[in-house]
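Beneath this line is the structure, given in structure tokens, with notes to follow.
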Amino acid sequence: MLADVRMLIKASVGYEVQDIDLPVLSYIYSDVEQHIKNDCNVTEIPEGLRVLLDELTAGKFLALQKGVILGTEGTEVVKSIREGDTTVELGGTSTEQRYDALVRVLTKERDFACYRKFRW
């Protein structure tokens, strides 16, 4: 359900899915749903794959909307500051790197084998 996907996106990155985003979100949801059905050779999504459907949809939406959600401000982390003979190096990851890591987790390939049906 799109409501679950919207909630997952909001909880993951704090972005409230707008009405203008709904056609794209619906398209991605239908695409992922059909992919799962085709891969498993079923006509209905098995109950155990509903969460996976939501996660894959959210991940693909976040990947597509990265520029809108992150914007251009504050995505860089300072690596090194040099002033005179003093150098300070900062570690950590940028917002963009953390965002990309979240998208990779949500869209990673899963194994559908236990839900797959043979074609006769």
Worksheet item: For the chain, modelled as a GNM with alpha-carbon contacts under 10 angstrom, which of 102, 62, 22 fluctuates the most?
Response: 22
Worksheet entry | Cα-based helix-to-principal-axis angle, 50-64 vs the chain, degrees rounded to 10 | 40
Worksheet item: What's the angle, to the nearest 10 degrees (0 to 90), between helix 2-13's Cα axis and the longest principal axis of the chain?
Response: 20
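Run the helix sum for the chain: -39,500 (n - 2.57) per DSSP H stretch of 4+ residues, divided by residue count, reported at 222 nm to the nearest 500 deg cm²/dmol.
Working: 5 runs with 64 residues, N = 120.
So the helix-based figure for the chain works out to -17000 deg cm²/dmol.
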Worksheet item: How far, in degrees from 0 to 90, does helix 95-107 lean away from the longest principal axis of the Cα atoms of the chain, to the nearest 10?
Response: 20
Worksheet item: Which entries in the list 37/66; 10/66; 60/117; 10/60 go over 18 Å, if you measure between the two C-alpha atoms of each?
Response: 37/66; 60/117
Worksheet item: Which entry in (1) -0.38, -0.89, -1.39; (2) -0.68, -0.98, -1.27; (3) -0.48, -0.94, -1.35 matches log10 I(q)/I(0) by the Debye sum over Cα atoms at q = 0.11, 0.18, 0.24 Å⁻¹ derived from the coordinates of this structure?
Response: (3)
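Each reported figure results from applying straightforward, stated rules to the coordinates on display, with no laboratory input. All values derive from a computational prediction rather than experimental measurement.
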